[in-house]
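Bear in mind these aren't lab numbers, they're just calculated from the coordinates by the rules spelled out. Since we're looking at a predicted model, the values are computed, not measured. All Cβ positions, even for glycine, are placed from backbone atoms using ideal geometry, and neighbour counts span all protein chains on display.
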Amino acid sequence: MDGPADAVTVRLETLPDAAAAARRGAELIAAVAREAVAERGGCAIAVSGGTTPLPMFAALADQDVPWSELGIWQVDERIAPRDHEDRNLTDLLASLPRVARVHEMPVDGGADGLEARAATYDTGLPARFDLVHLGLGDDGHTASLVPGDPVLDVHDRDVAITGMYRGRQRMTLTFPVLDRARSVLFLVTGEEKAAPLRKLLARDPSIPAARVRAADQLAIVDLAAVGRSGSGREGKTEAVPIDTSTPKRQHLDAMLDEAGLESFPASDPPAIMVDEQSFDELGQADQTSVSE
């Protein structure tokens, strides 16, 4: 499914640990790249900063990736000197194979020219990304779209400069370009992400990550991020539409509460994500089928 949609669902795939999640993310990126090259002759992806995705980037070296037809853009970058440890580019280049073609965000130079450099980066973006990789902050931010920043309301350009956040301004892609992406991949690991992950899946607009409107969104997560210790078994999920008839609604509300998931107003029922393990634990495995 392509393009923005009024009813957005984030599919969920749970892996045993962060390493397995990273490998799965790399597999998916490689598969998207191969498909895009086969269908359109090239592939354009955008990747986020932070430490969580670095093992995923490194794992791409073990995948069948059409590197010569793949362009990689940055989703966001901290305004810091080149080679500074705060720069996302530093770790990104260290993690990716040397053959990778990275279009770096132009944050070098004086602060007075930042807006102009953001506009230059904007003009060099593809019309539509085949895949955008996003992270999820403990405060619900994604890219460098952080709670309360005016950039959240930027809709007339695809690249913008944020205010100060945790000691740095950032250059970031904005919602419009994220929303146009053919697919969005969230990589979320660690128990500190459990609360924002629940809000992301519930499409809670209080967090920026839940305001991404791309129609095809997948969250690859580890067990810690869904509030479980390792069980030795991965569970895959699919969207389950809410039936708002009273008996089924009451049953579903009770099931969601026991599974640690949030419920929704009956007047505005979205799709929710219920995974295989949750159904097994609740004795409700017959309520849905799990796609591989």
Problem set entry | Cut-off 19 Å (backbone N to label point 7 Å along Cα→Cβ of Met164), residues of the range 104-139 | 110-115
Problem set entry | Gain upon complete extension [Thr120, Arg98; 0.36 nm per residue less C-alpha separation] | 5.4 nm
Problem set entry | Residue exposure sequence - His155, His103 - by fewest surrounding Cβ within 10 Å | His155, His103
Problem set entry | the range 136-215 shape via C-alpha gyration tensor axes, a/c threshold 1.5 | oblate
Problem set entry | Global form of the range 10-228, assessed from the alpha-carbon gyration tensor, a/c cut-off 1.5 | rounded
Exercise. Short version: ³J(HN,Hα) in whole Hz for each residue of the range 138-144, in order, from phi by Karplus 6.51 cos²θ - 1.76 cosθ + 1.60 (θ = phi - 60°), x for Gly and Pro, what are they?
Worked result: 5, 9, x, 6, 9, 6, 10
Exercise. With Cβ to Cβ distances under 10 Å as the rule, what net charge do the other residues near Asp62 carry (K, R +1; D, E -1)?
Worked result: -1
Problem set entry | Amide H contacts under 5 Å for Arg170, placed H, 5+ residues apart | Ile79, Thr162
Exercise. Whole-Hz Karplus ³J(HN,Hα) for the range 117-128, in order, using 6.51 cos²θ - 1.76 cosθ + 1.60 and θ = phi - 60°, x for Gly and Pro?
Worked result: 5, 4, 5, 5, 4, 4, 5, x, 6, x, 4, 7
Seminar exercise, completed: Going fewest to most other Cβ atoms within 10 Å around each Cβ, Val32, Val177, Val102 line up as Val102, Val32, Val177
